[in-house]
Every structure is written in structure tokens, then in C-alpha cells.
Amino acid sequence: MTKLTKPQDRLTKAHIRVMTSPEFCMFSGVLSIGDVTFTQDIPTACTNGRDVMYNPDFVDTLNDKELTFLVLHEAIHKAFQHMTMWKKLFKEDARLANMAADYVVNSSILEADPNSRRCELPEGALIDKRYNNMTTKQIFELLKKNPPPQGGKGSSSKSGTGKDSGETLDSHDWEGAEKMSEEEKKTTQKQIDQALRQGEVIRGKMQGNVNRGVKELLEPQVNWREQLRDFVTTISRSKDETSFRRPHRRFIGQDIYMPSMVGNSINKIILAGDLSGSISKETERVFITEMIQVCKDVNPNSIDLLWWDSAVQGHETYLEGDYDTILQRTKPSGGGGTLVSCVNRFIEQKRLEPDVVIILTDGYVENDWGGHWNYPTLWAITDKRNVSPHGKSIYIDE
């Protein structure tokens, strides 16, 4: 068989190795997002979270397994959306942010392929078991307390272990990510989320390993079926069954236990996602994931999805059977102040008449919890310090 020598051909081969490996096939779709180019303007490789660039000379220094590792490295930066999620860290200390992100990525790869069957850690790449299972932010804070010394020539020279050397395997185009328009960022985020979900289907068919990072990205934090079961059935209009699980209150005082009427079906749920200025892109993604899970677990007849800040900025309606299209169709909009009472007013003005309202928010609502709600209201809050005085509050761990 003829050995591939051109960087482009070798890179294509590396993509195929990723796509056909049970360990990493879940990243297949991520590889196809954005443009791939070759340039000598960078020392090794680089991504802005969508597009990827490679230095052809550096590619030539890597063997096939090391090149596969580099391809995965860039793909996982994209999958974890590091360039947009941690831009504040970059502005605080670009070098430490780059290092922290690389520790997370490299650890994720080695966790999936500890015996180097598919890929191999290039010399000079950062790795340290102390940072296993940590987030980029956690590693960043540790590096701030004990800043590593500046490295030498960098990982492109393939000299040194890379452990706390201050050098990273690749460059990170934080500025390029910031220059993307909001529409480009949202489109990329949706494409990546969809690609990872499709990748999970492929992984299941190939009986591949579960990637912990991808699992955490895609898994909802709330067991909505459990949370809503009692809350919803007791307020459902379809009170068509009796249950001793909740005795009828009218007779308890007489020591008589009679069943109460409960229902198992729901007509309409309103999902209202907070997109005020305090909500990050990561929290927005969490909200979308939780909304989709509500639909899967409860399967109501219809969903009214509201995006709000100081006013309701978007109103979308989905019917049973449409819920699989929410990720592709929804158009989150917001970024202003916070006034959750706008949701309450909108519901009344549009006469939506839901069975239950679910508000997803960080809870920073400036003491405006919407006033009196005429409908059962469940608050899914990302900051456990905030609790609504109305309805029921639950916590979403981001």
C-alpha cells in the first residue's frame, strides 16, 4: 500500500480513523463543522471553535497516531465550545486559559484510549493526572495560584513532556471566535449540539465507549419525569384516575382514607427560558437540553416555548410529534434586562391557558418573581441561592 505523504491526505486518513473508532466515533459530525485549511502562519494547529487550521510542516513531524490525536484535540475543543465558553478566562490570562483547556482535552482523549490503540499523545502535549475530571475553570484557578514557568520553543519542537511547561499543543483563536457574529455563534452551537447527539447514536450502534465530557454536555441535569410526576398529575385537567398515593384531604380528618383523583395526561406546558444579560451561552445550552428532556419525559399535547429577558422576545409552538425538531427550529433571543413578570403578562394577554408553567432561569430576577401566577409554576433555577416565593423551585446543576 502506498504511504500517504501529503498533509491533506494524511489528515483525511486521520479523520477516517476517528470516524471508524468506537472510542471516538461520537465526534464524527463535529469534524465536518467549519472549514479545514493549511497554513504556515501558525506553529502547530489552531481552532476558533468552528474552523480548524493546521501547519503542514508540523503535520509532517507527527506519526499517524499522533496526527489522529491532534485531529481529536481540535474536535474536542470545538465539541466543548471552549473558545466561546471560556472567553472571560482568556481575557484574564490567555496563557493559563490555553493551558487549562488543553489539560481538559488531552485528559479526555487519554481517558477514552488509555492504551493508545487509536491515537498517541504527541511529545510536548500537556497532561497531568492531578487535573483529571476537573473543568477548565477549576484548572485555571489552580494554575493561577501556582503559575507554571514559561516554556521554551513550544510543543511544535516536540521537546519536553509538556507537563506544566507553559506550552500547549495548539493555538487557540479566541479573538477569531469573538469576531464571529451572534448568529454565527448560535448556528455553530446548534450544529455542534446536533452533531454530538447524532454521534451518540453512532456510538451506540458501534457499542463504543461513553465519553464522560460528551455525556455531561448532553445529559439533562434534572430528572423531569420524577420532578413533574406528582406536581403535574395533581393539577392535570385530565383527572381520570383515582390513587391512594395522595389520600383525599377532605376525609383525612375523619380517619377515612379515600383516593384522590389524579391525571396522567397533560394538554399544554409553557417552557419559559431566561435569556437576560446574566445568562451565558453555556446556560442557554443547558436550558435547551432541559426543555427537550421535558418533552421526552412528559410528552404533552403541545408546548409553548418562550424566550424572555425584560420582555418575551420569542414565542414558538410545538405539537406532539414535533419535539425532536426543537433543537433545529428554536431561535433563542434576548440579552437585555430581567423582568420575569413579562412572562406572566404574556400568558394572560395571549390566553395560552397552560396546565403548568416551567420557568428556567438563574434566579437573578431583581426580586421580580412575576407576581401572582394563575397557573401552577415550576421554577428550574441554576443558582441554588435563589428560590421563588411562588410555586415550586428545583435546582439545575450546570
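The values are calculated or read from the model by the stated rules, or taken from the named source; none is laboratory data. Please read all numbers here as calculations on a predicted model, not as lab measurements. With ideal geometry, Cβ positions are generated from the backbone for all residues, glycine too; neighbour counts draw on all protein chains shown.
Structural remarks
- Only residues that are over 14 Å from Lys268 (Cβ atoms) and outside any helix (DSSP H, G or I) were counted across segment 330-360, and they come to 13.
- Taking each residue of segment 376-398 that is over 15 Å from Val286 (Cβ atoms) and touching a residue at least 60 places away in the same chain (Cβ under 8 Å) and looking for partners that are in a loop (DSSP other than H, G, I, E, B) and of a type in the set (Ser, Thr, Tyr) with beta-carbon atoms closer than 9 Å, six or more apart or interchain, yields Pro376/Thr234.
- The test for being out of contact with any Gly (no Cβ under 6 Å at 6 or more places or on another chain), under 19 Å from Gly124 (Cα atoms), part of a helix (DSSP H, G or I) and not small (Gly, Ala, Ser) does not hold for Arg10.
- Every pair of residues 6+ apart whose Cβ atoms lie under 6 Å, when the first sits in segment 26-50 and is more than 16 Å from Gln189 (Cβ to Cβ) and free of Cβ contacts under 8 Å to residues at least 60 places away in the same chain while the second is charged (D, E, K, R) and crowded, with 23+ Cβ neighbours inside 10 Å: none
- Candidates Leu339, Leu352, Leu319, Leu305: the one that is free of Cβ contacts under 8 Å to residues at least 60 places away in the same chain, touching an Asp or Glu at 6+ places or on another chain (Cβ under 9 Å) and more than 22 Å from Lys185 (Cβ to Cβ) is Leu339.
- Considering only residues in segment 382-398 that are in a loop (DSSP other than H, G, I, E, B) and of a type in the set (D, E, K, R), the one that is surrounded by the most Cβ atoms within 10 Å (Cβ to Cβ) turns out to be Asp383.
- Residues that are surrounded by fewer than 20 Cβ atoms within 10 Å (Cβ to Cβ) and assigned to a loop (DSSP other than H, G, I, E, B) within segment 296-329 comprise Asn299, Asn301, Ser310, Ala311, Glu320, Gly321, Asp322, listed in sequence order.
- Selection status of Val222, modelled with pLDDT under 70, of a type in the set (A, V, I, L, M), under 18 Å from the mean Cα position of the chain (by Cα) and surrounded by fewer than 17 Cβ atoms within 10 Å (Cβ to Cβ): no
- Filtered by the rule that a residue be in contact with a His (Cβ under 7 Å, 6 or more places away or on another chain) and either farther than 14 Å from Pro148 by Cβ or not assigned by TED's automatic domain parsing to the domain that holds Phe24 (or both), segment 88-105 gives Ala101, Val105.
- With respect to the conditions (1) of a type in the set (Gly, Ala, Ser); (2) buried (at least 24 other Cβ atoms within 10 Å of the Cβ); (3) in a loop (DSSP other than H, G, I, E, B); (4) out of contact with any Ser or Thr (no Cβ under 7 Å at 6 or more places or on another chain), Ser116 falls short on a single one, namely (2).
- Segment 48-77, subset buried (at least 24 other Cβ atoms within 10 Å of the Cβ) and in contact with a Lys or Arg (Cβ under 7 Å, 6 or more places away or on another chain), residue nearest to Met134 (Cα to Cα): Gly49
- In segment 12-24, the residue that is farthest from Glu111 (Cα to Cα) out of those that are buried (at least 21 other Cβ atoms within 10 Å of the Cβ) and out of contact with any Leu (no Cβ under 8 Å at 6 or more places or on another chain) is Ser21.
- Lone qualifier among Leu31, Leu4 - being modelled with pLDDT under 95 and over 29 Å from the mean Cα position of the chain (by Cα): Leu4
- Residue list for segment 334-366, restricted to those being more than 18 Å from Ile279 (Cβ to Cβ) and among the polar types (S, T, N, Q): Asn344, Gln349
- Filter pass, Asn344 being polar (S, T, N, Q) and without any contact (Cβ under 8 Å) to a residue 12 or more places away in the chain: no
- Cβ-Cβ under 9 Å pairs, at least 6 apart or on other chains, segment 180-194 side on the phi < 0 side of the Ramachandran plot, far side modelled with pLDDT under 85 and among the β-branched types (Val, Ile, Thr): Met180/Thr84; Lys185/Thr84; Thr188/Thr84; Gln189/Thr84
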